[in-house]
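Worksheet for the structure shown next.
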């Protein structure tokens, strides 16, 4: 799966979702009812700095880590089920690097976790983003069209937007 170029999946989900999944889980284990990932809920500050998976089903996500699960809540206005997890302590630093879009600075352990979860190898665009390998991360056309920006970029993929990170901001 080319997760980097998958336009149907938001950036937050691409990089944060694997944190709350079991070690043996892959993207194939994510139910079709899954919609997106957030790290905060706009009108519920008690859930700031948590990982929120939005789903259309109240059923537990089968391959999620039970040791991190807090609870699920139902959002009537959106008809959405929010599955709320604590941030895994082993990935706290990685989460903040993701929020800043600093993917090459992720821990080696989490880089391997991302590659394993998305079932990508060292010739994939995800590998290029994680290890700052230009020719893997971006197409030749993108490089040529944005040569100046690419030469000075600290990373080769956009960081998650505020709307992606906070559930309940207008415009969802």
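The values are calculated or read from the model by the stated rules, or taken from the named source; none is laboratory data. Only a predicted model underlies this, so the values are computations on that prediction, with no experimental measurement involved. Positions of Cβ are backbone-derived with ideal geometry, glycine not excepted, and every protein chain shown enters the neighbour counts.
Descriptive notes on the structure:
- Unmet requirement for residue 16, which otherwise passes all of (1) touching a residue at least 60 places away in the same chain (Cβ under 8 Å); (2) crowded, with 19+ Cβ neighbours inside 10 Å; (3) in contact with a helix residue (DSSP H, G or I) (Cβ under 7 Å, 6 or more places away or on another chain); (4) over 20 Å from residue 157 (Cβ atoms): (4)
- Any hit, segment 61-69, residues being more than 17 Å from residue 4 (Cα to Cα), assigned to a helix (DSSP H, G or I), under 18 Å from the mean Cα position of the chain (by Cα) and at pLDDT below 95: yes
- Test: residue in segment 45-54 that is surrounded by fewer than 19 Cβ atoms within 10 Å (Cβ to Cβ), touching a residue at least 12 places away in the same chain (Cβ under 8 Å), in contact with a strand residue (DSSP E or B) (Cβ under 6 Å, 6 or more places away or on another chain) and not in a loop (DSSP other than H, G, I, E, B): no
- Boolean, residue 167 is within 26 Å of residue 26 (Cβ to Cβ), surrounded by 13 or more Cβ atoms within 10 Å (Cβ to Cβ), within 17 Å of the chain's Cα centre (by Cα) and at pLDDT below 95: yes
- Of the helices (runs of 4 or more DSSP H) lying entirely inside segment 72-144, none contains at least 3 residues that are surrounded by fewer than 18 Cβ atoms within 10 Å (Cβ to Cβ) and touching a residue at least 60 places away in the same chain (Cβ under 8 Å).
- Residues of segment 130-159 that are under 15 Å from the mean Cα position of the chain (by Cα) and either modelled with pLDDT under 95 or at positive phi (or both): 157, 158, 159.
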